1. For Gly342, all conditions in the list (1) free of Cβ contacts under 8 Å to residues at least 12 places away in the same chain; (2) closer than 22 Å to Pro26 by Cα; (3) among the small types (Gly, Ala, Ser) hold save one; what is the number of the exception?
2. State whether the residues of region 378-392 include one that is modelled with pLDDT of 95 or more, surrounded by 14 or more Cβ atoms within 10 Å (Cβ to Cβ) and part of a helix (DSSP H, G or I).
3. Check Lys231 against each of (1) closer than 21 Å to Gly303 by Cβ; (2) among the basic types (Lys, Arg); (3) over 14 Å from the mean Cα position of the chain (by Cα) and name the one condition it does not meet.
4. Any idea which of (1) touching a helix residue (DSSP H, G or I) at 6+ places or on another chain (Cβ under 6 Å); (2) of a type in the set (Val, Ile, Thr); (3) under 22 Å from Gly342 (Cα atoms) is the one Ile147 doesn't satisfy?
5. Suppose the filter is at pLDDT 95 or above, more than 16 Å from the chain's Cα centre (by Cα) and either under 19 Å from Val78 (Cβ atoms) or surrounded by 16 or more Cβ atoms within 10 Å (Cβ to Cβ) (or both); does Val256 pass it?
6. Inspect all residues belonging to region 111-123 and state whether any of them is modelled with pLDDT of 95 or more, farther than 30 Å from Ala404 by Cα and among the charged types (D, E, K, R).
7. Kindly check whether there is at least one residue in region 330-345 that is β-branched (Val, Ile, Thr), surrounded by fewer than 12 Cβ atoms within 10 Å (Cβ to Cβ) and not in a helix (DSSP H, G or I).
8. Here is a list: Ile176, Ile182. Which entry is outside any strand (DSSP E or B), touching a strand residue (DSSP E or B) at 6+ places or on another chain (Cβ under 6 Å) and surrounded by fewer than 19 Cβ atoms within 10 Å (Cβ to Cβ)?
Amino acid sequence: MDKSNHSIQINKEKCVGCVLCMKACPTKAIRIYSGKAEIDDELCVDCGECYRVCPYDAVTPLTTSYGDIKRFKFKVAVPSPVLYTQFGREVMPNQILLALKKIGFDYVFDAAWTCEIINAAIEKYLRENPTPRPIISTVCPATVRLILHLYPNLVDNIIPINLPREIAAKSIRNKISKEYNIKKDEIGIIHISPCAAKMVSITNPIGLTDSELDGAMSIKEIYSKLFRALKTVDEEDILQLSSGVGLGWAVSGGEVNGINLDNCLAVSGVRDVMNILDEVEAGKLKEVEYLECLVCPNGCVGGPLTVENRHFAKKKAENLVEMYGKKSRVTSKMINHKYEEGFFFLNEKVKARPFPPLDDNPEKAIKKYRELEKIVKELGGKECGACGAPDCRTLARDIVQNKAKISDCVFKKNNKE
């Protein structure tokens, strides 16, 4: 598997240097150099905001293509619950699972069922571990990377429970290998994803030695194929296992609604997520048991690789929750044995990865910080982005690190002329 550090890239031929991606990036990872956007790999958290706002199709998500799956002898689909929200009111989850088999997958697993299982594991963990608080979900890869880079003091608040898609893949590979007498490395398990961030969580997982998944395919990529296949589906087989509890994970609040504890909180949208993490870091939310943070608006239904309008998709998810019930089909007895065995847990300690300081030498870093503050005042706070940096403070930081010059500020340049 390609161990790509990130799940998006800039197509320089299409980029016109419009600065929209630079302004949208929450970690200030994008600069405009020579009229083209560039991503600083050290600062990028794969949130996909640049892809969402680019009007020129210049930001490319790096996901598994439909053609890639042909290299596997046995092909498995593990779809996000979001997929069930993409085809209108009348199309049910089981039909979509059967349609996935129609388009070339040998085996399809209802990952929403694993979401219910993980809900039970999370609840057990919270009851057995009263501190720290709040415990923070790992379901959004971009949120986890935000914490590692920008909120390193909150790393111990991240729950050490593995992701539903990883647990599903781990279980499926062993099962299929035995039942079909196929070597494990001949089985390709592909997550059908609403965002590119899932791909980097597979190629460069956090808290895992290796991912159990072999790729993440965009919902956009296979939508038309599924749409056509749905017209020929014969519902003789029942593949759906989940109740509304698992199906609810498609939207913000779905994860916490499946936990039978008070004071659980869900937040969506990258700015609101960062605001709430600011409050957690300041010690203001210690009464909250569990915090679900999704950087996409409305949760995963707002993922940039979806097709359906996120508001319609959210309503479809809510309808499915009502239709299939708010009572989980998973009991604590069903998961206790595997929980005690450690089956649901990450196998590596999650470690902070703070963004690089102004200088590795503390004395030089302090000197550069003072210089930075002086430059910020000199720049005047126009925050126009014309220099190629998202704001004056970021330009000042680039200047003290010899990545930019004060003359890059158009106002300073004009004054000199």
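The values are calculated or read from the model by the stated rules, or taken from the named source; none is laboratory data. Small disclaimer: the values here were computed from a predicted structure and weren't measured. So basically every Cβ, Gly included, is an ideal-geometry build from the backbone, and we count neighbours across all protein chains shown.
1. The one condition Gly342 does not meet is (2).
2. Yes, the conditions are met somewhere in region 378-392.
3. Unmet condition: (1).
4. So Ile147 meets the others, but not (3).
5. yes
6. Filtering region 111-123 down to residues modelled with pLDDT of 95 or more leaves 111-123.
Still in the running and farther than 30 Å from Ala404 by Cα: 111-123.
Within this subset, residues satisfying the condition of being among the charged types (D, E, K, R) are 116, 123.
Yes, region 111-123 contains a residue that is modelled with pLDDT of 95 or more, farther than 30 Å from Ala404 by Cα and among the charged types (D, E, K, R).
7. We begin by selecting, within region 330-345, every residue β-branched (Val, Ile, Thr); these are 330-331, 335.
So of that shortlist, the ones also surrounded by fewer than 12 Cβ atoms within 10 Å (Cβ to Cβ) come out as 331.
Next cut, not in a helix (DSSP H, G or I) only: 331.
Checking region 330-345: at least one residue is β-branched (Val, Ile, Thr), surrounded by fewer than 12 Cβ atoms within 10 Å (Cβ to Cβ) and not in a helix (DSSP H, G or I).
8. Values: Ile176 fails: surrounded by fewer than 19 Cβ atoms within 10 Å (Cβ to Cβ).
None of the other options fit; the residue is Ile182.
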